[in-house]
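Below is one structure, written out as structure tokens, with a few remarks after it.
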Amino acid sequence: MTVNLWKFHQNPTFDVNTWPWKPPKSVKENGRKPSCQLRTSLGNNPWWVVTVDEVTISMNHVSYHDNWREEAFCVTENPWDLIMGEAVEIFYTNGFCSGTTKNQPVDETHHQFDSWYEEAIDEDLKWSFALKSVLYKGASEYQDIALLDTKRFGKVLVIDGKMQSAEVDEFIYHECLIHPALLFHSNPKTMFIMGGGEGSAAREALRHRSIDEVVMCDIDEEVVNFCRRYLTVNRDAFCNKKLNLVINDAKAELEKRNKKFDIIVGDLADPVEGGPCYQLYTKSFYEKILKPKLNENGIFVTQAGPAGIFTHKEVFSSIYNTIRKVFKYVLAYTAHVPSFADTWGWVMASDQPFSIGAEEIDKRIAERVDDELLYLNGSSFLSSSTMNKTVYLSLLNETHVYTEENARFIPGHGLGNHL
């Protein structure tokens, strides 16, 4: 029998595959119930230990076929010296619950993985979703990264402990982020995207026929390369000649550029304590660096965090109020994103009024955008910009202004808090 342990770089997270062999009759008759413990020592020379009935088997590791993971394996002449029980327990860290890989003696091809990923919505509320497997888990220079294969939402990208997008519903988030600003602009030609490393924001922008150039500036080259490799839905966007991919801090990149843009987009990671992005939500950044890089009729739009009844005061109302101090016209809008388990918020701003209606939005979509949008149309956008009474009053009465010294954060963790 072979037991494979996938060691993801910099993180002791395992996916265990066992091939179910029918146990010898003597094992059943003796009523033995052996267990299997997995332990790891991470460092320059990783090693694994499997313990069965107080017998320890050490396993050396070998390099696998690519540079994303390594494989450790052990082969024993008698597979039931290694595993003879009903299940192998797997222990996860960094937010992962324990799971089991069950042996099914009747069906030697069946493999069941039962584990859950857990994420904080607020201090008193968490939600979890069932996993098929952990495709990758590690850390770049700036943030923690995970790619999960989930049972309900498909492939899910998680950064700093917060879900960024899910395969089945990312179109909701990215259509809401990108298309309103482009549609409200009379003739958008150029766009600057802060962040956006997975490529979905650029993909949506490049659907607009008027666009000549999209500059996508992300600080984390490892995230960008990872998404280019594994998020295949965006490969055409990365290959588009209109896309100018820049690896740099968005603040520094905007500062050094003389060129102005019709649209600037904040597709940034959520402001979590210790994360790399919260400085790009501050009044000084908007006022001194971002706004001067917009053309006269330019539009700025940013994702603004959770906007639900219980979560909108975390950062949404503060970001809205901060932008309101810098631009003449500010429009907040929201949409429910199922994989986020919450309503999400965006804020759009300009020194020109937002004055087109639902029919004109639909007309511009038909005239300007390649292929059908899956979520956004004129009526849904107008509905999304109408807040319920609770959120409306919070936006109206918010006094907090986002600064580096007085920042707000949503539950999660940055690399600085990585365990």
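Give the residues of segment 196-235 that are more than 14 Å from G266 (Cβ to Cβ), touching a helix residue (DSSP H, G or I) at 6+ places or on another chain (Cβ under 8 Å) and assigned to a strand (DSSP E or B), sorted by residue number.
Answer for segment 196-235, where residues must be more than 14 Å from G266 (Cβ to Cβ), touching a helix residue (DSSP H, G or I) at 6+ places or on another chain (Cβ under 8 Å) and assigned to a strand (DSSP E or B): H208, V214.
Please go through (1) free of Cβ contacts under 8 Å to residues at least 60 places away in the same chain; (2) closer than 30 Å to D236 by Cβ; (3) crowded, with 16+ Cβ neighbours inside 10 Å; (4) of a type in the set (S, T, Y) for S379 and return the number of the only condition it doesn't satisfy.
With (1) free of Cβ contacts under 8 Å to residues at least 60 places away in the same chain; (2) closer than 30 Å to D236 by Cβ; (3) crowded, with 16+ Cβ neighbours inside 10 Å; (4) of a type in the set (S, T, Y) applied to S379, the lone miss is (3).
Condition first: more than 27 Å from R203 (Cα to Cα), out of contact with any Leu (no Cβ under 8 Å at 6 or more places or on another chain), assigned by TED's automatic domain parsing to the domain that holds E204 and among the aliphatic types (A, V, I, L, M). Can you find one or more residues in segment 353-373 that meet it?
No, segment 353-373 contains no residue that is more than 27 Å from R203 (Cα to Cα), out of contact with any Leu (no Cβ under 8 Å at 6 or more places or on another chain), assigned by TED's automatic domain parsing to the domain that holds E204 and among the aliphatic types (A, V, I, L, M).
Quick check on this structure: which one of D262, D218, D249, D267 is charged (D, E, K, R), surrounded by fewer than 22 Cβ atoms within 10 Å (Cβ to Cβ), assigned by TED's automatic domain parsing to the domain that holds S317 and in contact (Cβ under 8 Å) with a residue 12 or more places away in the chain?
Among D262, D218, D249, D267, only D249 is charged (D, E, K, R), surrounded by fewer than 22 Cβ atoms within 10 Å (Cβ to Cβ), assigned by TED's automatic domain parsing to the domain that holds S317 and in contact (Cβ under 8 Å) with a residue 12 or more places away in the chain.
Report whether or not I193 is in contact with a helix residue (DSSP H, G or I) (Cβ under 9 Å, 6 or more places away or on another chain), in a loop (DSSP other than H, G, I, E, B), crowded, with 18+ Cβ neighbours inside 10 Å and in contact (Cβ under 8 Å) with a residue 24 or more places away in the chain. Before the answer, list the steps.
Numbers: in contact with a helix residue (DSSP H, G or I) (Cβ under 9 Å, 6 or more places away or on another chain): yes; in a loop (DSSP other than H, G, I, E, B): no; crowded, with 18+ Cβ neighbours inside 10 Å: yes; in contact (Cβ under 8 Å) with a residue 24 or more places away in the chain: yes.
Spelling it out, it is not the case that I193 is in contact with a helix residue (DSSP H, G or I) (Cβ under 9 Å, 6 or more places away or on another chain), in a loop (DSSP other than H, G, I, E, B), crowded, with 18+ Cβ neighbours inside 10 Å and in contact (Cβ under 8 Å) with a residue 24 or more places away in the chain.
Anything in segment 340-370 that is touching a residue at least 60 places away in the same chain (Cβ under 8 Å), charged (D, E, K, R) and surrounded by 13 or more Cβ atoms within 10 Å (Cβ to Cβ)? List them, or say none.
Once the filter is applied, which keeps residues that are touching a residue at least 60 places away in the same chain (Cβ under 8 Å), charged (D, E, K, R) and surrounded by 13 or more Cβ atoms within 10 Å (Cβ to Cβ), segment 340-370 yields D342, R364, R368.
Examine segment 332-352 for a residue that is touching a His at 6+ places or on another chain (Cβ under 9 Å) and among the acidic types (D, E), and state whether such a residue exists.
yes
Identify the residue in segment 288-321 that is part of a helix (DSSP H, G or I) and closer than 24 Å to L182 by Cβ and, among all such residues, is farthest from the chain's Cα centre (by Cα).
Within segment 288-321, the match that is farthest from the chain's Cα centre (by Cα) is P292.
Would you mind telling me which numbered condition in (1) in contact (Cβ under 8 Å) with a residue 24 or more places away in the chain; (2) surrounded by fewer than 23 Cβ atoms within 10 Å (Cβ to Cβ); (3) at negative phi G274 fails?
Unmet for G274, out of (1) in contact (Cβ under 8 Å) with a residue 24 or more places away in the chain; (2) surrounded by fewer than 23 Cβ atoms within 10 Å (Cβ to Cβ); (3) at negative phi: (3).
Looking only at segment 371-419, count how many residues are over 22 Å from I309 (Cβ atoms), modelled with pLDDT of 95 or more and in contact with a strand residue (DSSP E or B) (Cβ under 8 Å, 6 or more places away or on another chain).
Going through segment 371-419 one residue at a time, the tally reaches 0.
T232 passes all but one of (1) under 26 Å from S210 (Cα atoms); (2) in contact with a Phe, Trp or Tyr (Cβ under 8 Å, 6 or more places away or on another chain); which number fails?
All conditions pass for T232, except number (2).
Return the total of residues in segment 281-299 being buried (at least 18 other Cβ atoms within 10 Å of the Cβ) and of a type in the set (G, A, S).
Number satisfying all stated conditions: 1.
Which of the residues spanning segment 359-396 are part of a loop (DSSP other than H, G, I, E, B), over 25 Å from R209 (Cα atoms) and touching a helix residue (DSSP H, G or I) at 6+ places or on another chain (Cβ under 7 Å)?
If the condition is that a residue be part of a loop (DSSP other than H, G, I, E, B), over 25 Å from R209 (Cα atoms) and touching a helix residue (DSSP H, G or I) at 6+ places or on another chain (Cβ under 7 Å), then M387 is the only one that fits.
Does T386 satisfy the criteria of being in the same structural domain as K293 (by TED's automatic domain parsing) and either within 25 Å of the chain's Cα centre (by Cα) or of a type in the set (A, V, I, L, M) (or both)?
So T386 fails the test.
The values are calculated or read from the model by the stated rules, or taken from the named source; none is laboratory data. Quick caveat: nothing in here was measured; it's all calculated off a predicted structure. Here the Cβ is made from the backbone with ideal geometry for all residues, glycine too, and neighbour counts use every protein chain on show.
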